[in-house]
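> Have a look at this one.
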Amino acid sequence: MSFMTFGDKSLDLSRPHVMGILNVTPDSFSDGGSYSSLDDALTQTEKMILDGASFIDVGGESTRPGAKPVTIEEEMNRVLPVVEAIKARFDTIVSVDTSTPSVMTESARLGAGLLNDVRALEREGALQAAAQTGLPVCLMHMRGSPSTMQDDVSYDSVMEEVTAYLMARVAACEAAGIDRSQLILDPGIGFGKSLPHNLTLLNHTAEFKRKGFPLLIGLSRKTMIGDVLGVPVDERLYGTMGANAATYSQGARLFRVHDVKPHVDMLELMYRIEREV
Ligand code: 9MG
């Protein structure tokens, strides 16, 4: 067993865990605007917890391709009341999808248990803010920013470049005082990558796993699923599950998804088959 502590809860990361997506943005990728009121956000949170989510990932800045940046004040206004309300009502781990140092600091104060940063703590002050919270951090690879990331999608070797980037961010975290035992890695499916790049990263998940960190995969309903299957966003569940299953088999244990219950059931079966118990 290998435990990691997320605020007031510890999880065994030899088991699979599902992170339910709670976008509190008016323009999110595939569920845009659904949870922009506090009541809606709490209703969706309760459903995801009952369905078996270990984490609720609250994000106030859309990361879909071409998304416009949000001001710090707007992000704080979107995220913090939701973090506070979830922690007041539910016994769950709140993950905060943010790159903004003040959102990290305030979310931690309100009880968040994980910082999920698609910019891998590259924003000015983020390393220091994250270190001060003492919380685990998910470091994700992205080429460029959400508004530009699909402009340049060429790599000599996507595996080597993504791995080198993530290892460099691990080193930066350690230099800032964040212990490597607090880090989770994520190859950033769909973030500045073409379909072949995404497929290569998914097919080589085991190589990331050999670096010795827990792995988080986020590909729920993404364009790459639609590109492979030729289906719209609301018909990507089966493709999402197949791709997530492929990475579970290679050692990924954390899955950021919209559809919690199908993934909890699928991953429980995969885990039990692997253990034969
Ligand atoms: C916020 N967000 C959107 N997609 C994501 C992904 O693939 N990984 C992580 N860690 N966060 C994501």
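The values are calculated or read from the model by the stated rules, or taken from the named source; none is laboratory data. The structure presented is a predicted model; accordingly, all values stated were derived computationally and were not measured. Note: ideal-geometry Cβ built from the backbone for every residue, glycine included; neighbour counts use all protein chains shown. These area figures cover heavy atoms from the full protein model, side chains too; ligands, DNA and RNA do not enter into them. Shrake-Rupley method; radii C 1.70, N 1.55, O 1.52, S 1.80 Å.
> Using alpha-carbon positions, what is the distance between the centroids of the range 148-192 and the range 82-99, in Å?
Cα centroid to Cα centroid, the span is 25 Å.
> Solvent-accessible area per residue for the range 84-130 at a 1.4 Å probe radius, Å²?
Per residue, the range 84-130 has an accessible area of 34 Å².
> Out of Ser147, Ser102, Ser54, any idea which swings most in a Gaussian network model of the chain, alpha carbons joined below 10 Å?
In this elastic network of the chain, the residue with the biggest mean-square fluctuation among Ser147, Ser102, Ser54 is Ser147.
> Here's a follow-up. Give me the percent of the accessible area of the range 1-112 that comes from carbon and sulfur atoms, probe 1.4 Å, all protein chains in place.
Looking at the range 1-112 in its full context, I get 51 percent from C and S.
> Then there's this: Can you compute the helix-only [θ] at 222 nm over the chain? Use -39500 (n - 2.57) per DSSP H run of at least 4 residues, normalise by all residues, nearest 500 deg cm²/dmol.
Computed ellipticity for the chain at 222 nm equals -12500 deg cm²/dmol.
> Could you please state how large a percent of the accessible area of the range 236-277 is carbon and sulfur, counting protein chains only and using a 1.4 Å probe?
60
> Let me ask something else about it. Rounded if a/c is under 1.5, else prolate if a/b beats b/c, else oblate: with a ≥ b ≥ c from the C-alpha gyration tensor eigenvalues square-rooted, which is the chain?
Note, shape of the chain comes out rounded.
> Something else: Which order, highest average first, do 175-187, 55-67, 223-235 follow once you tally other Cβ atoms within 10 Å for each residue and take the mean per peptide?
55-67, 175-187, 223-235
> Which residues' amide hydrogens lie under 5 Å from the amide hydrogen of Val153, considering only partners 5 or more residues apart or on another chain, with H built in the peptide plane?
Excluding prolines and chain starts, which carry no amide H, there are no hits.
> Another question, then. Pairs on different chains or at least eight residues apart, Cα atoms closer than 23 Å: how many lysine pairs in the chain fit?
Eligible lysine pairs with Cα atoms under 23 Å apart amount to 14.
> Okay, moving on. Counting only residues 5 or more places away or on other chains, whose amide H sits under 5 Å from the amide H of Arg64 once H atoms are built in the peptide plane?
Phe29
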